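Report on the structure given below.
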């Protein structure tokens, strides 16, 4: 019996563990988990003996995988004298006579060896089946294309933001991913999620299933969509004097630009004076003598741009004069 233990140990050693597996569209193996078994002599004609009676078997092209608690049944037939006994060796255990399906509770690598004896003493060739029990559900998370802006009440993203769901399974690989938005029914995830023009709070719920049926817990990702552009205003300090529809200020008057956003912060303000190059507004400024046109726009923290506002003003830098005129 020692030789059988050595064989099983070698099988377990040669059965590699693939520690990362991305989402795959590979189909499940047939529920029977069948393996081709050929007649090895005498009248024993065992055929396709290994059947999974609890859970499914999945083969990724290199390794067989099974869920925790899988039960493997060994079946055989003999066209002559008939099957007398099926002998099995489970992992490193000693030989035993097979009677009921063998259940596997431990995660990791396993192997089963089996041999069939008929009623006249013919023995089949020793057959082996190695596999890995996968007891862990996939790991899953939501990834936002936009990094997001953390405010006191939560994370904010722009209206056209794209969300991706990333799932990984250490053993059998991810079979499917499902998600739901704002409490709706779960649906299959096939690509990026975009919630266009839906300002306010939202929640994406999601889960993943691996190729042997392990399902992750349903997780959620909550966020706010900021779909509102900021507002911007141009004013003077002190306020301009309006005469005949023209705003007049002195050379000492400062031009002040302010911007507000209903949801997030203002990231930048850009202004132009008399059609010149764009300048980043950081502090109030003054203008030279003459008529001027100022344009400005603001961008909030998630990239929403305000409309361009315009303000015209004339700087009167000349000191007033006075004279005395004698009456004639």
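Nothing in this text is a laboratory measurement; each read-out follows from the coordinates by a stated rule. Just so it is clear, the structure is predicted and the values come from calculations on it, not from any experiment. For neighbour counting, all protein chains shown are included, and Cβ atoms are generated from backbone atoms with ideal geometry for every residue, glycine included.
Just a few scattered comments:
- For region 211-321, the equivalent ellipsoid derived from the Cα gyration tensor has semi-axes of 46, 12, 10 Å, listed largest first.
- Direction-averaged projected area, Cα convex hull, region 157-244: 9.7 nm², rounded to one decimal.
- Packing, as the average of other Cβ atoms within 10 Å across residues, places the peptides 204-210, 151-157 in the order 204-210, 151-157, highest first.
- If the Kirkwood radius is taken over C-alpha pairs of region 165-209, then at 10 °C and 1.306 mPa s the Stokes-Einstein diffusion coefficient equals 134 µm²/s.
- In terms of the mean number of neighbouring beta-carbon atoms within 10 Å, the peptides 299-307, 213-221 order highest first as 299-307, 213-221.
- Separation of region 197-244 and region 111-188, taken as the distance between their Cα centroids, equals 30 angstrom.
- log₁₀ of I(q)/I(0) at q = 0.15, 0.16, 0.23 Å⁻¹ - region 64-185, Debye sum with one point per alpha carbon: -0.82, -0.88, -1.27
- Burial ranking of peptide ranges 224-230, 259-265, 289-295 (average Cβ count within 10 Å, highest at the top): 224-230, 259-265, 289-295
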